[in-house]
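These notes concern the structure reproduced below.
The values are calculated or read from the model by the stated rules, or taken from the named source; none is laboratory data. What you see is a predicted model; the values in this text were computed from it and never measured. Here the Cβ positions follow ideal geometry from the backbone for every residue, glycine too, while neighbour counts run over all protein chains shown.
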Amino acid sequence: MSKKFLFVSVLVVLGLFLAACSPAAPTADDMMEKPTEAMAEKPTEIIMEKTAEPTHAAMEGEGEATPEGGEDAMMEAPAWFSVPLTNAATGETFTIADYKGQVVLVETLAMWCSNCLQQQKQVAALHGQIGDSPDFVSIGIDIDTNENIEDLKGYTASNGFDWIYTVASPDVAREIGNLYGNQFLNPPSTPMLIIDRHGEVHTLPFGIKSADDLQVALQPFLDGGM
């Protein structure tokens, strides 16, 4: 055997021996696995931290948003309940708040409005059905601030309407419109509302309502106590 061939053989054997002892080269799967795990862990921690903080802050904010005074503050009467009004028939001053504990039917109207006249005739019939009840009060509020209390007195007397009538001041008219909608400043739509014994307002559908329909709407409030 020649010396050259022996030298080559030794080199081959040595190369195979070194290859067997070296660590295995990483595969493509190995290279993708570790970065993916590292990236999945870190963003999850960040998201959880950011989610937890706003949730905690929101819960604290809910507690701070609770109005002082609780339900009593939320049930505060509208300002127009306390505004002095003049009874057209007697000239006496009254407020809506004077009738707390009673059931009050309010109609906003105008003397020129034919629909209002028809609606008031139904209110007259309603009074006949209910009778003289100390728990029930009717109030007609002339929402046309160009009309006056003396003309309203003559209008109610000539039609035989013997419940309370008054003329709204501009401030009262404005607040009624703001609270319950502009239709309450449009007499031909015959707007009406019920104020219950606790002072809560319940608006009725627009359009002329029969005495029977009005009694059906009022009866639950008349039957209920304080």
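Quick one: N159 ticks every box in (1) in contact (Cβ under 8 Å) with a residue 40 or more places away in the chain; (2) buried (at least 20 other Cβ atoms within 10 Å of the Cβ) except a single one, so which number is it?
(2)
Which condition number does Q120 fail, the rest of (1) within 30 Å of the chain's Cα centre (by Cα); (2) free of Cβ contacts under 8 Å to residues at least 60 places away in the same chain; (3) assigned to a helix (DSSP H, G or I); (4) crowded, with 16+ Cβ neighbours inside 10 Å being met?
Condition not satisfied by Q120: (1).
For the stretch 185-226, name all the residues that are under 25 Å from the mean Cα position of the chain (by Cα), buried (at least 16 other Cβ atoms within 10 Å of the Cβ), assigned to a helix (DSSP H, G or I) and not aliphatic (A, V, I, L, M).
S189, F221
Would you say L109 is modelled with pLDDT of 95 or more, within 30 Å of G224 (Cα to Cα), aliphatic (A, V, I, L, M) and surrounded by fewer than 18 Cβ atoms within 10 Å (Cβ to Cβ)?
The answer is no for L109.
Across the stretch 165-184, which residue is farthest from Q122 (Cα to Cα) among those that are in a loop (DSSP other than H, G, I, E, B) and either touching a strand residue (DSSP E or B) at 6+ places or on another chain (Cβ under 6 Å) or touching a residue at least 40 places away in the same chain (Cβ under 8 Å) (or both)?
S169
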